[in-house]
Amino acid sequence: MTAFGDPREGVRRERLAYAAPPAGEVLVKVRTAGAGYPDAMMAAGAFPLLGAPPFGLGEEVCGDVVAVGPGSRFAVGDRILGITAFLRGWGGYAEYAYVRDGSAIRVPSPLTDEQAGGFPIAYRTAYAGLVERAGLTAGEQVVVLGGAGSSGVAAIQLAKALGATVTAVAGSPEKLEFARSVGADQAVSYRGTDLEKEIREATGGHGADLIFDVVGGETAGIAVKTLARHGRIAIVGFASGVPVTLDPVDMLLRNYTAVGVLADAHTPAGEEAAWGRLAALAEEGKLATPVGTVWSFDDVPAMIAQQTTPPPGKSVVRVAS
Ligand SMILES: NC(=O)c1ccc[n+]([C@@H]2O[C@H](COP(=O)([O-])OP(=O)(O)OC[C@H]3O[C@@H](n4cnc5c(N)ncnc54)[C@H](OP(=O)(O)O)[C@@H]3O)[C@@H](O)[C@H]2O)c1
């Protein structure tokens with residue numbers, strides 16, 4: 001990315017030299033890389049954790065390890081999936097990528113390259129929101145906003161795998177059907193409906209024990225009204241453009257909690273636990289990226305541009321066979 005703005009203008013292909021990976025990272029030859037809403041935010045200059053261009057886009061990859069930093073858990077030749085060093089400017093839409101050692105796993109056997117490349121960010125985010133921050137327990141009613149989006153789909157599958165009942169919220173009939181197809185027990189629309197009533201009915205009158213919120217704005221504000229006592233809202237993002245507005249007095253009177261979610265356990269042991277659990281669930285076939293469009297490397301700028309309003313299914317670029 002050479003300048004903030006439309007990625008079809010700001011993205012340029014360049015030839016770079018890759019130094020040996022530092023401690024805490026490995027270098028992979030990229031097979032596939034997953035796209036997401038944060039790509040669009042980064043291109044627009046709206047991503048809070050990144051400075052000015054130039055930088056490489058692409059948060060997540062599947063690839064083969066070609067070099068390891070000191071003390072790595074991985075060996076040359078391992079096929080891994082993980083989060084790239086995009087925060088220091090080295091992204092995954094490239095022939096080679098640095099991957100954070102602690103945010104990577106060997107690819108679970110059921111996953112294809114495309115599923116693996118689109119796995120890390122969404123499922124790690126879902127785990128952070130549902131498990132680490134909001135303490136999901138089996139039997140709870142989970143409401144997933146943005147339920148046909150990248151993080152939402154992962155949250156649906158993870159919540160189901162952990163024994164919850166899941167209501168997805170999405171816009172179009174196509175997206176509602178998609179949310180059901182990936183495992184949601186119910187799917188309700190926020191467009192032209194009484195969303196509060198829809199959620200109450202879908203949860204059998206109980207309301208939400210846990211809201212996974214990647215949307216914010218009006219939709220999240222309405223969903224909050226359905227929170228049951230001791231409910232939680234996990235604030236993950238604001239795809240609507242604005243974060244949810246909360247009223248502390250309402251929180252007090254109805255005994256609910258809001259937690260902020262950044263998908264990072266901040267300790268090596270915490271990261272290892274999160275990735276170990278995700279790997280085990282994927283190995284059991286309970287988590288699998290629903291791949292949508294597979295793009296060619298030349299089409300990366302168009303793929304990024306589409307991430308503001310992506311169709312159902314994860315966009316992945318195939319870099320090398
Ligand atoms: N905290 C973290 O660590 C973390 C990690 C990853 C992502 N995020 C954030 O999470 C957010 C979503 O990311 P994502 O990758 O899941 O994006 P995504 O795949 O684009 O999904 C977002 C979904 O939000 C829905 N949406 C958009 N505007 C809406 C509105 N006004 N009301 C209701 N739904 C709306 C869209 O569905 P419809 O077409 O059905 O409206 C879309 O499917 C972003 O803000 C991203 O930055 C945070």
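Summary of computed values
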| read-out | value |
| --- | --- |
| Residue count for the stretch 56-74, restricted to those that are open to solvent by less than 50 Å² (accessible area, probe 1.4 Å), of a type outside the set (Ser, Thr, Tyr) and within 18 Å of PRO21 (Cβ to Cβ) | 12 |
| Residue that is surrounded by the fewest Cβ atoms within 10 Å (Cβ to Cβ), among those in the stretch 133-157 that are farther than 18 Å from PRO312 by Cβ and touching a residue at least 60 places away in the same chain (Cβ under 8 Å) | GLY135 |
| Failed item in (1) within 16 Å of the ligand (Cβ to nearest atom); (2) outside any helix (DSSP H, G or I); (3) within 17 Å of the chain's Cα centre (by Cα), with ALA187 passing the rest | (3) |
| Boolean, LEU246 is away from the ligand (no atom under 15 Å from the Cβ), farther than 20 Å from MET41 by Cβ, in a loop (DSSP other than H, G, I, E, B) and outside the structural domain of ILE83 (by TED's automatic domain parsing) | yes |
| Residue check for VAL61: within 16 Å of the ligand (Cβ to nearest atom) and within 24 Å of GLU14 (Cα to Cα) | yes |
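Let's see how each residue does on (1) modelled with pLDDT under 95; (2) among the acidic types (Asp, Glu):
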residue: GLY71; (1), (2): yes, no
residue: PHE86; (1), (2): no, no
residue: ALA94; (1), (2): no, no
residue: ALA104; (1), (2): no, no
residue: GLU114; (1), (2): no, yes
residue: LEU130; (1), (2): no, no
residue: GLY135; (1), (2): no, no
residue: GLN141; (1), (2): no, no
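For every residue, the table says whether it meets (1) modelled with pLDDT under 95; (2) within 13 Å of the ligand (Cβ to nearest atom); (3) in the same structural domain as GLY102 (by TED's automatic domain parsing).
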{"position": "THR267", "(1), (2), (3)": "yes, no, no"}
{"position": "ALA274", "(1), (2), (3)": "no, yes, no"}
{"position": "ALA279", "(1), (2), (3)": "no, no, no"}
{"position": "GLU283", "(1), (2), (3)": "no, no, no"}
{"position": "TRP295", "(1), (2), (3)": "no, no, yes"}
{"position": "ASP299", "(1), (2), (3)": "no, no, yes"}
{"position": "ALA302", "(1), (2), (3)": "no, no, yes"}
{"position": "GLN307", "(1), (2), (3)": "yes, yes, yes"}
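The values are calculated or read from the model by the stated rules, or taken from the named source; none is laboratory data. Values in this document were obtained by computation on a predicted structure and should not be read as measured data. We place every Cβ from the backbone using ideal geometry, glycine too, and count neighbours over all the protein chains shown. Only protein heavy atoms, including side chains, enter the accessible area calculation; ligands, DNA and RNA are left aside. Shrake-Rupley method; radii C 1.70, N 1.55, O 1.52, S 1.80 Å.
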